[in-house]
Structure formats: C-alpha cells, structure tokens
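Participant: There's a structure below that I have some questions on.
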Amino acid sequence: MCNKIFRKIYKQIKKYDTIVIARHVGADPDALGSTLGLRDIIKATFPLKKVYTVGYPASKFRYLGELDKFSEEMYNDSLLIVLDTPDRKRIDGVDVDRFNYSIKIDHHPFVDSTCDLEWIDQTASSASQMIMELTFKTKLKMTPEAGEKLFIGLVADTNRFLFYYTTSKTFDLVSRLIKETKIDFSKLYDNLYLRPFREIRFEGFIAHNLKITENGFGYLNITEDILEKYDVDAATAGNMVNNFNYINEVLAWGIFSYDKNNNNIRGSIRSRGPIINEVASNYNGGGHIYASGVRLNDFDQVDSLIADLDKVCKEYKEKL
C-alpha cells in the first residue's frame with residue numbers, strides 16, 4: 001500500500017477536533033477491537049481531541065471497552081471514520097452524509113463508495129490489522145491498551161490465524177505490536193474463549209441438530225424459544241459458526257438465529273470452498289468470499305437463502 005493513503009488519513013485525523021468512529025451492525029470482536037483501539041490511539045496521540053466510538057453495544061464483548069452514546073452534537077464539524085464495513089447500509093447508528101468529512105477503512109470486498117476517502121485492502125486479515133499498519137506507518141501512538149484490543153480483534157477474525165487471509169504481513173504486524181507494547185497476549189485468549197457451561201450445552205444442541213443437504217450445505221434455524229431455553233442470544237449463536245469448520249460432509253454452513261433486539265433473523269455463514277458472499281449480498285448482507293453475514297426479515301427468507309447456498313455448493317462440487 002502506497003504511503004500516500006496513510007498520510008491522507010493522518011492529515012484528516014490531525015485536522016478535526018471531534019472524531020466519531022463507527023462500524024457495522026451486529027458488532028464482532030474485530031469491529032469493536034479496531035474501533036475502540038483506534039479511539040485509544042487517537043486520544044494518546046492528540047489528548048485534547050474529542051473521540052467517540054459509537055454503535056449498538058454487544059454485551060458479550062464488553063471486556064473490550066465501553067462505547068460512547070451517540071448524540072446529535074457529534075455531527076457538528078466532525079470527522080467520521082467507518083471501520084470494518086463494506087457498504088453504507090450496514091453502518092451502525094450514524095448518517096454518513098451529515099459529517100463534515102468521512103473515511104472508510106475496510107478489508108472486505110468492495111461493495112459501494114461510502115466515504116470521502118476510502119482505504120480498502122482485501123488482503124488484510126482484519127480491520128484490526130489495518131489499524132496496526134496505519135499506526136505504524138504514521139505518527140499515531142500505539143498503546144498497550146489499544147494493542148490488546150487490536151490483537152483480540154485480529155485473532156478473532158482470523159480464528160487464531162487459521163483463515164486463508166492470514167499472511168506473512170499479518171504475522172509481521174502482530175510481532176511488532178507485541179514487541180513495542182509488551183502485551184501479555186496469552187492472557188487475552190481467556191476473554192475470547194472462556195464460556196459459561198450453558199453455551200457448551202448450546203453448542204452441543206447445534207451439533208446434534210445441524211441439518212446437511214445432499215450437496216453439502218449445513219444449517220440450523222434457531223428460534224426464540226430455543227435461545228430462551230439455553231439462555232443465550234443471537235450473537236452467541238452466530239459466534240459459534242466457526243466451531244464447525246472441519247466436518248467432512250459439509251462444504252458450507254450457516255446458523256440463522258432470531259434476534260430479539262432487532263426483530264429480525266441474524267445469519268452467519270462460512271465456507272470451505274464455495275463462494276458465498278455473492279449470495280449473501282442478495283439477502284441484505286455480504287462479507288468475505290468464505291465468511292459472510294446476513295440480516296433477514298423472517299425464516300421464509302432463510303429457506304430461500306438456504307436453497308441458493310445449496311445450489312452454490314452443488315455447482316462447486318460439479319467443478320471438482
């Protein structure tokens with residue numbers, strides 16, 4: 001990446017006294033880690049600036065830090081930085097057009113032009129990796145607190161460096177982060193992977209009830225009564241999707257859960273070969289070619305999506 005984009009982003013951060021940092025709906029650790037980490041970094045570099053990280057809170061990831069409550073005054077002569085969000089419709093809680101200037105930093109495939117200045121790097125493992133790179137390539141100051149958030153975000157999005165978009169650059173940046181901040185990264189895994197027993201029982205329910213089509217698409221619809229029975233929420237269900245990566249009979253899979261807070265269906269989809277993000281984009285979603293998410297109105301829409309994903313698996317098998 002040409003250093004020019006880093007200079008442009010830094011120039012805008014330096015220029016504005018008020019900065020709002022946003023991310024996608026249905027926040028995951030990378031979205032939260034990158035936004036909260038960037039807030040820490042900007043505050044450490046420019047202590048007098050007002051920097052806010054906004055969006056609907058995710059109680060499961062509260063350990064990453066507290067979010068700021070958005071107010072109308074934040075639109076006044078301020079800079080918006082949108083992280084980890086490929087398109088306008090998935091930005092959580094703010095109207096891009098009401099800010100004085102906007103920047104998008106994202107590692108997903110391009111969907112639409114949203115901001116005045118955009119840095120999109122599909123080779124990056126995560127938005128957290130991009131914030132590491134931005135910080136190390138500019139005069140922004142990395143802190144141990146920000147480093148912990150960014151490390152968690154990156155580890156979560158790469159599933160502990162397992163996914164295909166983990167590169168030598170990923171390891172180089174993480175190595176530098178650890179050397180410069182001296183964070184005790186081994187302890188950070190506890191927050192990501194320690195779970196209450198009810199979630200273990202719920203994971204067993206998913207494994208026991210997962211349906212697999214003859215073309216190799218695995219799926220499970222999780223209704224509100226099931227979530228209540230196991231005392232979990234839609235976010236917990238979605239975050240379990242990576243636990244089913246290595247099943248011989250499954251090429252792609254999805255977990256579709258009723259989201260009580262938003263009165264819709266939250267879907268998390270993964271793949272070991274078939275390209276899924278193109279299908280997801282037709283259902284109010286999107287993401288990476290092997291990892292995508294959707295928001296659907298009801299389970300009838302889920303049935304239609306499952307049929308389309310099953311077709312993608314069939315076409316993939318026919319090409320093998």
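Participant: What FRET efficiency do you get for Asp17 and Ser71 if R0 is 22 Å and r is their Cβ-Cβ distance, rounded to the nearest 0.05?
Facilitator: 0.90
Participant: Given R₀ = 51 Å, FRET efficiency for Phe136-Ala207 by Cβ-Cβ distance, to 0.05?
Facilitator: About 0.80, to the nearest 0.05.
Participant: Counting other C-beta atoms within 10 Å, which of Leu173, Leu83 has the fewest, and how do the rest follow?
Facilitator: Leu173, Leu83
Participant: Run the paramagnetic zone check for Glu228: 7 angstrom along Cα to Cβ, then residues of segment 255-289 with backbone nitrogen under 19 Å.
Facilitator: Within reach of a label on Glu228, which here means backbone N under 19 Å from a point 7 Å along Cα→Cβ, segment 255-289 contributes 257-266.
Participant: Taking the number of other C-beta atoms within 10 Å as the exposure measure, put Lys319, Lys104, Lys260, Lys169 in order starting with the fewest.
Facilitator: Arranged by neighbour count, lowest to highest, Lys319, Lys104, Lys260, Lys169 become Lys319, Lys260, Lys169, Lys104.
Participant: Take the Cα atoms of segment 1-113, find their three principal axes, and give me the spread along each one in whole Å, biggest first.
Facilitator: 35, 33, 25
Participant: In which sequence would Val174, Val54, Val82, Val96 go, from the one with the fewest C-beta neighbours within 10 Å to the one with the most?
Facilitator: So the ranking, lowest neighbour count to highest, is Val96, Val54, Val174, Val82.
Participant: Treating the Cα atoms of segment 197-319 as identical point scatterers in vacuum, please give the log10 of the normalised Debye intensity I(q)/I(0) at q = 0.13, 0.15, 0.17 Å⁻¹, two decimals.
Facilitator: The calculated log intensity ratios at q = 0.13, 0.15, 0.17 Å⁻¹ are -0.45, -0.60, -0.78.
Participant: Next question, about the same structure. Per the Kirkwood treatment, what hydrodynamic radius in Å, one decimal, follows for segment 134-184 from the mean inverse distance over all distinct Cα pairs?
Facilitator: For segment 134-184, the Kirkwood estimate is 11.4 Å.
Participant: Using only the alpha-carbon atoms, how far is helix 144-158 inclined from the longest principal axis of the chain? Give it as 0 to 90 degrees, nearest 10.
Facilitator: 30
Participant: On C-alpha positions alone, give me the angle between the axis of helix 168-181 and the longest principal axis of the chain, in degrees, nearest 10.
Facilitator: Roughly 50 degrees, rounded to the nearest 10.
Participant: Same structure, new question: Once you keep just the Cα pairs under 8 angstrom separated by 6 or more residues, what percentage relative contact order results for the chain?
Facilitator: 13
Participant: Let me ask something else about it. Along the Cα-to-Cβ line of Leu162, 7 Å from the Cα, sits a label point; which residues in segment 227-254 have backbone N less than 20 Å from it?
Facilitator: Once the point is set 7 Å along Cα→Cβ of Leu162, 235-254 turn out to lie under 20 Å by backbone N, inside segment 227-254.
Participant: Rounded to the nearest 500 deg cm²/dmol, what is the calculated helix-only ellipticity per residue at 222 nm for the chain, with -39500 (n - 2.57) per DSSP H run of length n ≥ 4?
Facilitator: My calculation for the chain gives -12500 deg cm²/dmol from helical runs alone.
Participant: First check a/c for segment 3-192, with a ≥ b ≥ c the square roots of the eigenvalues of its C-alpha gyration tensor; if it is under 1.5, answer rounded, and if not, answer prolate when a/b is larger than b/c or oblate otherwise.
Facilitator: Verdict is rounded for segment 3-192.
Participant: Compute the length gained on full extension between Tyr56 and Tyr101: take 0.36 nm times their separation in residues and subtract their Cα-Cα distance, giving the result in nm to one decimal.
Facilitator: 14.0 nm
Participant: Over segment 1-115, what is the relative contact order in percent, taking alpha-carbon pairs closer than 8 angstrom and at least six residues apart?
Facilitator: In percent, rounded to a whole number, it is 29.
Since every read-out is calculated from the coordinates, none of them should be taken as a lab result. The structure displayed is predicted, hence computed values, not measured ones. Note: ideal-geometry Cβ built from the backbone for every residue, glycine included; neighbour counts use all protein chains shown.
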